[in-house]
Amino acid sequence: MSLSLDVRQPLAGSLRRLLSREFEQSLRRLDQTCQGKPRDCVEGVHEFRRSVKRLRATIALMGDGVSIRECRAMDRALSEAARRLGSLRDAHARRIAAERVAMLLPRQLRALAMDAWRMSGGSVSEAAAGLSVQGIQELVEASRREMEAIRDRAMALDFREVDAKVVANAVVKAWGRARNRYQSSWKGRDEAWLHGVRKRTQRVANVLVMVQSWGGAWVKNSERRLRLAAGALGEARDAKLMLDRIPEQIAGSPLYEVVHTLRIAANRHYAARLRAAQREGLRALKQGRSACKKQLVGGAAKD
């Protein structure tokens, strides 16, 4: 089933179908995390969190067409359900970042760099924070119960007041919030601010997918560039997570030179990915809010 809302059909029905599909997808991904294999656990957590982001974007599309208080409550609950499993994702991300940065080094140093990273305390089990398999399963089960409760609340909403203009306004709001960040200076920004940029980037990309049939090529191109920007920001964040796990080495110690080289490569990679993210984001969001809304509403009317 397409992620895009079809304005030839009642929007209430389209939104309900999108929500139902995404809730089912999120529950399937939670089940995947408990299949026993580390790879399934990592992939299940990652895809579950992506599904939750799509659900939050879908709820945001409803704008003023439904209860704002109820939507905010569901959004907070979804955020908490995803955050509960965030440590599992971060543990895996550190290893992926280390492997990616090691590939930037001369061939003869790559294996040694990974060994140094592990010996320096960088290697963390996918069961982050020392969680046992049972502990992970308990987290997953708590998330499942919460997701089922949120699904019941979401499917009980009255979507009849949600029309094309309401949806367009919600997209423009997400567009403007992201655009403001990209047009601001990034110099000296901390990780919390940059993480906020990534979240806003992912939000507007997710809502654009749902209105891609309304805006033509510019929507698809903008969404593609925003995915690139979000991916670059994610790689930068992962590199930072990796760096934070590598303690400084005493000069002259066996690990000093290789860890020092690894740190230099990681910092360069971090800066390069931030530059790439800002470049793609600015290209994606070059239109102002009014032009964005005009094209969306016009495209919905033609469709």
Regarding Trp175, is this residue within 24 Å of Leu78 (Cβ to Cβ), surrounded by 22 or more Cβ atoms within 10 Å (Cβ to Cβ), aromatic (Phe, Trp, Tyr) and in contact (Cβ under 8 Å) with a residue 40 or more places away in the chain? yes
Can you name the number of the only condition in (1) surrounded by fewer than 16 Cβ atoms within 10 Å (Cβ to Cβ); (2) under 22 Å from Ser51 (Cα atoms) that Ile150 fails? (1)
Restricting to segment 17-40, what's the tally of residues that are of a type in the set (Gly, Ala, Ser) and at pLDDT 90 or above? 2
Per the filter on segment 154-166, residues closer than 25 Å to Ala81 by Cα and touching a helix residue (DSSP H, G or I) at 6+ places or on another chain (Cβ under 6 Å) are Ala154, Phe159
Of those in segment 36-85 that are among the small types (Gly, Ala, Ser) and closer than 15 Å to Arg144 by Cα, the residue surrounded by the fewest Cβ atoms within 10 Å (Cβ to Cβ) is Ser79
Pair list, Cβ under 6 Å, 6 or more apart: segment 106-125 residue at pLDDT below 65, other residue surrounded by fewer than 17 Cβ atoms within 10 Å (Cβ to Cβ): Ser120/Pro247
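The values are calculated or read from the model by the stated rules, or taken from the named source; none is laboratory data. Quick caveat, the model's predicted, so the values are computed rather than measured. Cβ atoms come from the backbone with ideal geometry, glycine included; neighbour counts cover every protein chain shown.
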